[in-house]
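Some notes on the structure that comes next.
Just so it is clear, none of the values below were taken in a lab; they were calculated from the coordinates. This one's a predicted model, so the numbers in the text were calculated from it and none came from an experiment. With ideal geometry, Cβ positions are generated from the backbone for all residues, glycine too; neighbour counts draw on all protein chains shown.
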Amino acid sequence: MGALSIRNVVKRYGSVTILKSINLEVRDGEFVILVGPSGCGKSTLLNMIAGLDTVSEGEIAIGGRVVNNLPPKDRDIAMVFQSYALYPTMNVRENILFGLRIRKATAQEMEGALARVAKTLQMEHLLDRKPSQLSGGQRQRVAMGRALARDPALFLFDEPLSNLDAKLRVDMRTEIKLLHDRVKTTIVYVTHDQIEAMTLGDRIVVMKEGEVRQVGTPQEVYDDPADLFVAGFIGSPSMNFIRCTVESRNGRLGVSLHDGAGTFFVPAPPSITGLGERAGKEVILGIRPEQITDKDPYAGANPHSIEQSARIEVVQPTGPDTLVLIRLNGTPVTCRVHPGASPKASQTMGLSFDLSKLVFFDPQTEKRIR
Amino acid sequence: MAEFARAESAGGRAFGRLIVYGLLVLVAIYYLMPLFVMLTTSVKSLEEIRAGNLVALPTSITFDAWSKAWGTACTGADCSGLKGNFWASMSFVLPAVVISTLIGAFNGYVLTLWRFKGSDILFTTMLVGCFIPFQVVLLPMAQTLGWLGLANTTPGLVFVHVVYGLAFTTLFFRNFYVSVPEEMVKAARIDGAGFFTIFWRIILPLSPPIIVVCVIWQFTQIWNDFLFGVVFSGGERQPITVALNNLVNTSTGVKEYNVDMAAAIIAALPTLFVYVVAGKYFVRGLTAGSVKG
């Protein structure tokens, strides 16, 4: 009932195309995140699903019913906004029940909905307050309560946590996830924060410049990015990109890296067959910070890793890990090492490179080389 | 450097205060003097006015001039005081204020929260209305009222003031509603509320501060207006400003300064009343939206 289909949807403003043929299938009960930098069209897409914006081309269906020409109120959706958008002159109770009242629900229905929502979000004690008397987190909870009251087929969230401070944001993230587990309603959630995307979503839709770049589970998108943009956008600190040339050594394809002191050969995983035809050509090597760590003296020999010393330029302790900047092929490269390794700037340190998850990109098309 | 500046300001602060307050008191006296003279003169007898000093306090207080101004003073040929004109003014000022405020609120709502192609141009065009002098529209307005069959009627005067006031009221409400988040309207649309429901149930309840500003402004403008009143109103239903003019300029008989003063104060009382009652909202309304509420 709460499935969402977006088929070849295009959005144009005059001659400017904001969304270029979007296709997306969301299963009933799924939690899908639309993520991308500002201006990528994710909020426009959400507004089109809500009916607040018109569709230039294509079809949007909610629960199998094409809704292109239905006004927002007839789409069986509810939406939570970044600015909360509570009605300031009404108290929490009236805010939550406004939608039901407009729809001429009976007093009994409204009472039931209010009890259910207040219990789900634990805000029985807030019902008589005005929005101005609530904290940011409480306002956001009321906004969710307003959405929950009508028990819609589809929830839309438009950057709901962006106005909250960092700590509250983490708490509300957990709360939204628990909420989804409880109500099992389909959720489409827009954010520009890749951590929110990773932690909340069943699936992530990464968008850029009006196009869907990749759709997948958080782990798929993280481990197996489709292109340079997705690889760089998902993950914090972001993936290191090193320009290098493909060469063949002892029958294995790989790339050479130099760290100022010397050059070393990095063999590519044999599964990447696309490198064969690029011998002698430039590619971009992608390696995540956690794949370059300090040597673990207790680990056995890992056939997928090589060890190499490098000079440390900058040290950034984060607490659980320490980020270390080295320079490879003239590019600063972030490595994530154990704080116990206590590296110091301008020292040389032995590092272990995990090569099993190396990725390569074409510098022209920015697509993955597989 | 900063140390020096602080030392200097600490020493000069008391002196600076003195100058500021001294100036304020002086200006206040300057502005209150005419009111003082009007009040004292209105309760003096004619003999005392002729004999005495303009700024002297009255020796005996009498309200004869007030009752004469209200009930029996002659404005031209008619000698029934200002009371008829007072209620005549009320009868067109109140509807004109209410209607122009409501339409202004509605215009502001549409121009900010339901923007359409050209809505900004339309708003700019309406703004031009703020800069058109009264005199310019007299003839075309007279013609329009003639076509509408409203010439020399109270509804006609209401119509003139509503049309002329719309530019201002729209400006007020538009600038107030600009600070209303558009998302609130989106939320209400998803909740199922329509165009008018959103206006009545959500936007208008937000608006008391700006409604107060608008009412004060419109009431003062329309009540004090002379030109439209003298041109577009019929003889007996003349507004109080016109009647006051006639009363003061009546050239027959003795010049009754006390009656003139009482009449002028009567004519000014309603606007004073509006300021006193709603004044505290006035400043609040003018700055509304500048602070996150």
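Quick notes on this one:
- Residues of type lysines that A:LYS344 reaches as a straight line, Cα spacing below 23 Å, ignoring anything fewer than 8 places off in the same chain: A:LYS295
- The Rg/Rh ratio of chain A, with both radii computed over alpha carbons and Rh defined as the Kirkwood radius, is 1.07.
- Length added when fully stretched, A:THR318-A:ALA345, from 0.36 nm per residue minus Cα-Cα: 8.2 nm
- From least to most packed, judged by other beta carbons within 10 angstrom and beginning with the fewest, B:ARG201, B:ARG17, A:ARG288 follow the order B:ARG17, B:ARG201, A:ARG288.
- Positive-end extreme of charge dipole, segment B:83-286 - chosen from B:PHE106, B:PHE168, B:LEU157 (charges on Cβ): B:PHE106
- Karplus (6.51, -1.76, 1.60) ³J(HN,Hα), θ = phi - 60°, over segment A:37-53, in Hz, Gly and Pro reported as x: x, 5, x, 8, x, 5, 6, 4, 4, 5, 5, 6, 5, 6, x, 7, 9
- Value of Rg/Rh across the protein assembly as shown [Cα atoms, Kirkwood radius]: 1.17
- Between A:VAL170 and A:ARG243, the simple spin-label model (points 7 angstrom out along Cα→Cβ) gives 3.9 nm.
- Amide H contacts of A:ASP294 (H built 1.01 Å from N, under 5 Å, at least 5 apart or other chain): A:HIS338, A:SER352
- Summarising the amide proton neighbourhood of A:SER83: residues at separation of 5 or more, or on other chains, whose placed amide H is nearer than 5 Å comprise an empty set.
- The fewest-to-most ranking of B:TRP217, B:TRP200 by surrounding Cβ atoms within 10 Å reads B:TRP200, B:TRP217.
- Exposure proxy order (Cβ contacts within 10 Å, fewest to most) of A:ASP223, A:ASP294: A:ASP223, A:ASP294
- Degrees between helix A:92-102 axis and first principal axis of chain A (Cα, 0 to 90, nearest 10): 70 degrees
- Theoretical FRET efficiency, 1/(1+(r/R0)^6), r = Cβ-Cβ of B:ALA278 and A:LYS281, R0 56 Å, to 0.05: 0.10
- In degrees, nearest ten, helix A:166-183 long axis to first principal axis of chain A (Cα): 60 degrees
- Based on every Cα atom in segment A:240-369, Rg and the maximum pairwise Cα distance Dmax equal 14.7, 43 Å.
- Under-5 Å amide H pairs with A:LEU328, H placed in peptide plane, nonlocal only: A:VAL333
- Across segment A:242-252, computed HN-Hα scalar couplings (Karplus, 6.51 cos²θ - 1.76 cosθ + 1.60, θ = phi - 60°) run 10, 6, 7, 10, 6, 9, 10, 9, 6, x, 10 Hz from first to last residue, x flagging Gly and Pro.
- Value in Å of the Kirkwood radius, where segment B:83-286 supplies the Cα pairs that are averaged: 18.7 Å
- Helix A:107-120 and the longest principal axis of the Cα set of chain A meet at an angle near 30°.
- For B:PHE15 and B:ASN53, the difference between the fully extended length at 0.36 nm per residue and the C-alpha to C-alpha distance is 10.0 nm.
- Estimated inter-spin distance, A:GLU57 and B:SER179, nm [label 7 Å along Cα→Cβ]: 4.4 nm
- Overall form of segment A:1-84 per C-alpha gyration tensor (a/c, 1.5; a/b vs b/c): rounded
- This model, with +1 at the C-beta of Lys and Arg and -1 at the C-beta of Asp and Glu, gives segment A:99-234 a dipole about its Cα centre of some 860 debye.
- Straight-line reach from A:LYS73: taking Cα to Cα under 12 Å and skipping same-chain neighbours fewer than 8 places apart, the aspartates and glutamates in range are B:ASP191.
- Working note: Karplus 6.51/-1.76/1.60 with θ = phi - 60° gives segment B:78-93 the couplings 8, 10, 10, x, 8, 4, x, 6, 4, 6, 5, 4, 4, 5, 9, 5 Hz, where Gly and Pro are set to x.
- Rough spin-label spacing in nm, given labels placed 7 Å along Cα→Cβ, for A:GLU111 and B:ILE61: 6.1 nm
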